[in-house]
Every structure is written in structure tokens, then in C-alpha cells.
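The values are calculated or read from the model by the stated rules, or taken from the named source; none is laboratory data. Just so it is clear, the structure is predicted and the values come from calculations on it, not from any experiment. Cβ sites come from the backbone with ideal geometry, for glycine too, and all protein chains shown count toward neighbours. Surface areas here come from the heavy atoms of the whole protein model, side chains and all, with no ligands, DNA or RNA. Shrake-Rupley method; radii C 1.70, N 1.55, O 1.52, S 1.80 Å.
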Amino acid sequence: MAVQSAKQLTVYAKAYEFSMAIFAATKTFPAEERFALTSQIRRSSRSICLNLREAWAKRRYASHFVSKLTDCDAENSETDASLDFARDCGYISLEQHATLARSCQEIGKMLGAMIRNPEPFLTPPTPRTGAPDP
């Protein structure tokens, strides 16, 4: 069966799980980081999924699809950098960092593969009937 929703993509499921792991890890960050690192890393990790949903909605055109996937990849990279800050500030353990960074890397590889080869995910163009698209 063909994928009908972004939620069915393996990369989406992994990114969602990753975002929830980030949420859990940041619950122990100090209060003074609430409006800095805590909100930033939560936002960027969630944006991976949010941008993936936008990419899926724009998959009729390869350039729009790839553009949103690149946004996903950028948010993933931002999250990875925030993980380094969290480790170096002592907010997460080396083991937590390694686990989360591995997830980040895996998601990045999956996004990279989609960016390099978007065709399997695109919707076929609709035949022109002279009527405007809905």
C-alpha cells in the first residue's frame, strides 16, 4: 500500500519519537534555561516533524518538497548543536547525548536520502483539462 500520510513515513515516526525524547530530557534542565536552551531545543526538534508535514503537503512539485525537506534537515542540525550545548553545560549525561545524537544522525541520513531522491514521494501531476486546479 502506498504511503497516504506523512505520519506513515519512517522518518516522521523517528523524528516524532526523537522530539518526545528531547522533551523528556529537557524536563530536568534548570529553570534559568526555560526561555533559552529548553525552549529552543524543543522547538527545533518539533520543527523537524512540522516541516516534514509541510513538505508532504507540497510534494506535487519537487522543488517545493525538497525545499521543505531542507528546512527539516536544518532544524535537525540545530537540534544536534543544542544537544552539544546541553552536554557541555552538564544538563544531559554523555550517554544521553550519545543516544540522542545517534537519533539525530539517523534522521539526518533519512532526510538526506529523500532530498537526493524525492521522486518516489512526489504525487503525479494531474492531467490538464483546461480547468483550474482546486
Practice item. Any residue in the stretch 73-85 that's farther than 14 Å from SER103 by Cβ: show its pairings with residues that are among the polar types (S, T, N, Q) and surrounded by 17 or more Cβ atoms within 10 Å (Cβ to Cβ) at Cβ separation under 6 Å, as long as the two are six or more apart or on different chains. Key: GLU78/SER44
Review point. For the stretch 86-100, what are the residues that are open to solvent by 40 Å² or more (accessible area, probe 1.4 Å), touching a residue at least 12 places away in the same chain (Cβ under 8 Å) and not in a helix (DSSP H, G or I)?
Key: CYS89, TYR91
Practice item. Please verify whether the stretch 71-83 includes one or more residues that are out of contact with any Lys or Arg (no Cβ under 9 Å at 6 or more places or on another chain), farther than 20 Å from CYS104 by Cα and open to solvent by 60 Å² or more (accessible area, probe 1.4 Å). Key: no
Review point. Given (1) loosely packed, with under 15 Cβ neighbours inside 10 Å; (2) modelled with pLDDT of 95 or more, where does ASP133 come up short, assuming only one miss?
Key: (2)
Practice item. Name the one entry in ARG59, ARG43 that is surrounded by fewer than 19 Cβ atoms within 10 Å (Cβ to Cβ) and either more than 30 Å from PRO124 (Cβ to Cβ) or within 12 Å of the chain's Cα centre (by Cα) (or both). Key: ARG43
